[in-house]
1. Let me know the whole percent of all Cα-Cα pairs from segment 2-101 that are separated by more than 21 Å.
2. Hey, how many Å between the Cα centroid of segment 58-83 and the Cα centroid of segment 121-197?
3. Would you mind telling me the antiparallel percentage of the DSSP bridges in segment 104-206, rounded to 5?
4. Along the charge dipole of segment 2-101, Cβ charges K/R +1 and D/E -1, which of Gly79, Val66, Leu92 sits furthest on the positive end?
5. Which of the peptides 194-201, 41-48, 85-92 is most tightly packed, and how do the rest follow, going by the mean number of other Cβ atoms within 10 Å of each residue?
6. Given 10 °C and 1.306 mPa s, compute D for the chain with the Stokes-Einstein relation, Rh being the Kirkwood radius over Cα pairs; round to the nearest whole µm²/s.
7. Set the bar at 28 Å for Cα to Cα. Now go through Lys35/Lys71; Lys75/Lys147; Lys35/Lys59; Lys43/Lys76; Lys58/Lys112; Lys43/Lys116 and name every pair that lies beyond it.
8. With each pseudo-label sitting 7 Å past Cα toward Cβ, what's the Glu164-Asp25 distance in nm, one decimal?
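We did not get these values from a lab; they are worked out from the coordinates using the rules stated. Just so it is clear, the model here is predicted, and its values are computed rather than measured. Cβ atoms come from the backbone with ideal geometry, glycine included; neighbour counts cover every protein chain shown.
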Amino acid sequence: MKELAKIFGSEARVKIMRLFLLNADESVDSEDVAKRLRIPRTKAARECKQLQSIDFLKKRSFSKDVIRKGKKAKKKTEGWYLNPEFHYNDSLRGLLVEEEFLNKKELVRRFKKAGKIKLFVVSGIFIREKDIEGRVDMLIVGDNLRKPWIEDTVRKLEAEVGKELSYAVFDTQEYIYRIEMYDKLVRDILDFPHEKLVSNPALLALSTPSRKTA
């Protein structure tokens, strides 16, 4: 991130570009950019305007859901969306998304201090799978896992991508029990498209899905 921040001018700009590249069909205003990326709203607006000036973003008016007095309502706002005709979208996606955020070796490195990881599985956003309700983006299994540290690392990832990530963390014995009980949460990960970044042979044998995966 530090190297990219130097190239693109600021860490906030890198986060904003990644946010729109990963949410190409979505319009987002400065309030939500700031909230999702955990940066000041004034900085979010300034960076978005800068990206608009080079035609990376386009501006539009739209309505978004808000909560008012405990009830859902619509609010008219102005925000931005990714310009699908920007010439460098593919190159930027390869650099900011594929190489940095979805790089599997980098992801494993980020969680190196989580404890003795025996199984690390990714799905959902990390394999470019479209959102499916109830699916988990990451499954981490191991011993002496530092769960508060893992949660903090996940929150940092969320701030980089602007999306809430769904994850599950299990001690080895709990995971084995869940596998033997055919736990729905675990099977919903293993019986559908996923990728194993770390896999202990014994757990890998237990984790073999009941039907073919992609």
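1. Details: 1629 of 4950 pairs.
The share of Cα pairs beyond 21 Å in segment 2-101 comes to 33 percent.
2. 31
3. Working: 10 of 15 bridges.
Given both bridge residues lie in segment 104-206, the antiparallel proportion sits at roughly 65 percent.
4. Of the listed residues, the answer is Val66.
5. Values: 194-201: 16.2, 41-48: 18.2, 85-92: 12.5.
Per-residue mean Cβ counts within 10 Å order the peptides as 41-48, 194-201, 85-92.
6. Values: Rh = 18.9 Å.
D = 84 µm²/s.
7. On the way: Lys35/Lys71 20 Å; Lys75/Lys147 38 Å; Lys35/Lys59 19 Å; Lys43/Lys76 21 Å; Lys58/Lys112 39 Å; Lys43/Lys116 39 Å.
Lys75/Lys147; Lys58/Lys112; Lys43/Lys116, as the Cα separations exceed 28 Å there.
8. With each label placed 7 Å out from Cα toward Cβ, I get 2.0 nm.
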